[in-house]
Ligand code: MRU
């Protein structure tokens with residue numbers, strides 16, 4: 001795999017093409033086990049995306065691109081079916097559809113597995129470069145001695161490497177501007193507790209875990225000046241879908257005078273979705289709420305509602321940081337200035 005050399009605080013790679021198959025760090029098993037799954041067919045990749053072995057908007061898109069390469073190697077006559085199966089694996093993160101649209105265009109140019117592998121590799125390499133650039137742009141918005149709160153996992157695990165919001169945190173720690181990092185647990189799947197804490201500690205970034213329900217109290221304490229999160233889809237007016245719980249963080253941030261930053265590559269921006277109302281929010285099984293660490297915690301017969309993303313209105317966002325630039329106080333006009341001619 002071609003890859004820019006790692007910078008400090010950036011050692012993890014969750015998605016790796018192995019020449020004839022795709023190797024994914026199995027995020028369902030972290031942090032207790034660091035195991036990998038080898039995807040040798042498009043169905044393996046669909047299963048890995050749907051079952052969250054790989055998750056995080058950019059990582060889903062990159063994996064799907066490699067899934068198309070596997071389809072071209074194994075069954076070149078069924079590329080359309082492969083594209084459809086991958087597209088249906090998860091609904092909210094538009095990076096999946098973006099990557100598949102890009103692979104579709106590549107198929108029209110040259111559908112050989114080697115040519116498609118070049119395109120998948122380009123998608124992966126561009127994501128890593130975008131993350132590094134966003135890290136610099138986002139960290140540049142922070143004052144000295146800043147405390148940040150992040151949500152879900154937006155790091156190397158969720159991308160080609162370095163991360164989006166976690167990229168800003170990596171860059172902010174490297175430049176000395178970030179003095180305190182807090183991560184919310186991110187119920188129910190615990191991306192913050194299980195993944196972000198593992199990733200930050202492994203890369204030598206001190207971080208403090210908080211229960212999701214501690215966020216407002218943390219903001220009130222004055223230890224946090226910015227909430228820094230990623231995104232799964234940013235609509236044409238700046239409304240942003242991200243992991244469930246992000247919206248309540250934005251409301252709380254506004255109340256406490258804490259600023260709110262969304263960090264995402266342009267592949268997460270969907271100018272064909274006018275606003276947050278039009279974003280398809282994934283509903284997952286209620287079972288994810290009924291158990292903790294495999295142990296049933298809720299009375300038998302209970303019902304649960306499990307939307308796994310929510311939409312933060314643009315009016316609660318101070319800055320959307322992308323590799324193409326920063327949209328301050330996003331609205332339709334600001335988004336259009338930066339993304340009107342993209343795609
Ligand atoms: O359900 P997940 O774990 O795929 O959700 C991930 C998130 O919501 C992330 O915040 C988002 O994809 C940005 S990752 C750089």
- Task: Could you list all residues from segment 275-324 that are surrounded by fewer than 14 Cβ atoms within 10 Å (Cβ to Cβ) and under 30 Å from residue 102 (Cα atoms)?
- Result: 277, 280, 283, 307
- Among the numbered criteria (1) within 16 Å of the ligand (Cβ to nearest atom); (2) in contact (Cβ under 8 Å) with a residue 40 or more places away in the chain; (3) under 25 Å from residue 256 (Cα atoms); (4) out of contact with any strand residue (DSSP E or B) (no Cβ under 6 Å at 6 or more places or on another chain), which single criterion is violated by residue 168? (4)
- Contacts under 6 angstrom Cβ, first residue in segment 260-277 being touching a residue at least 12 places away in the same chain (Cβ under 8 Å) and over 13 Å from residue 323 (Cβ atoms), partner near the ligand (Cβ under 10 Å from one of its atoms) and part of a loop (DSSP other than H, G, I, E, B), 6 or more apart: 262/231
- Message: Out of 272, 285, I need the residue that is assigned by TED's automatic domain parsing to the domain that holds residue 169, within 16 Å of the ligand (Cβ to nearest atom), over 20 Å from residue 164 (Cβ atoms) and out of contact with any helix residue (DSSP H, G or I) (no Cβ under 7 Å at 6 or more places or on another chain). Which one?
- Response: 285
- Among the residues of segment 7-18, write down those that are over 17 Å from the mean Cα position of the chain (by Cα) and in a loop (DSSP other than H, G, I, E, B). 7, 8, 9, 11, 18
- Message: Taking the condition of being part of a loop (DSSP other than H, G, I, E, B) and either farther than 17 Å from residue 206 by Cβ or within 20 Å of the chain's Cα centre (by Cα) (or both), how many residues in segment 145-185 meet it?
- Response: 12
- Query: Which one is surrounded by the fewest Cβ atoms within 10 Å (Cβ to Cβ), of the residues in segment 19-57 that are more than 14 Å from the ligand (Cβ to nearest atom), in contact (Cβ under 8 Å) with a residue 24 or more places away in the chain and in a helix (DSSP H, G or I)?
  - Reply: 43
- Task: Select from segment 248-287 the residues that are within 13 Å of residue 310 (Cβ to Cβ) and part of a helix (DSSP H, G or I) and list them in ascending order.
- Result: 248, 249, 250, 251, 276, 277
- Message: Being touching a residue at least 12 places away in the same chain (Cβ under 8 Å), away from the ligand (no atom under 16 Å from the Cβ) and either outside any helix (DSSP H, G or I) or over 22 Å from residue 342 (Cα atoms) (or both): is that true of residue 86 here?
- Response: no
- For the subset of segment 218-247 comprising residues that are touching a strand residue (DSSP E or B) at 6+ places or on another chain (Cβ under 6 Å) and assigned to a helix (DSSP H, G or I), which member is farthest from the ligand (Cβ to nearest atom)? 218
- Message: Among the residues that make up segment 46-57, is at least one of them more than 24 Å from residue 190 (Cα to Cα) and modelled with pLDDT of 95 or more?
- Response: no
- Query: Can you tell me how many residues in segment 152-165 are more than 12 Å from residue 139 (Cβ to Cβ) and near the ligand (Cβ under 9 Å from one of its atoms)?
  - Reply: 9
- Note on the structure: Reported set for segment 171-203 where residues are out of contact with any helix residue (DSSP H, G or I) (no Cβ under 9 Å at 6 or more places or on another chain), in contact (Cβ under 8 Å) with a residue 60 or more places away in the chain and away from the ligand (no atom under 16 Å from the Cβ) is 202
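The values are calculated or read from the model by the stated rules, or taken from the named source; none is laboratory data. Please read these numbers as outputs of a predicted model, since none were measured by experiment. Don't worry about glycine lacking a Cβ; one is built from the backbone with ideal geometry, like all the others, and counts go over all protein chains shown.
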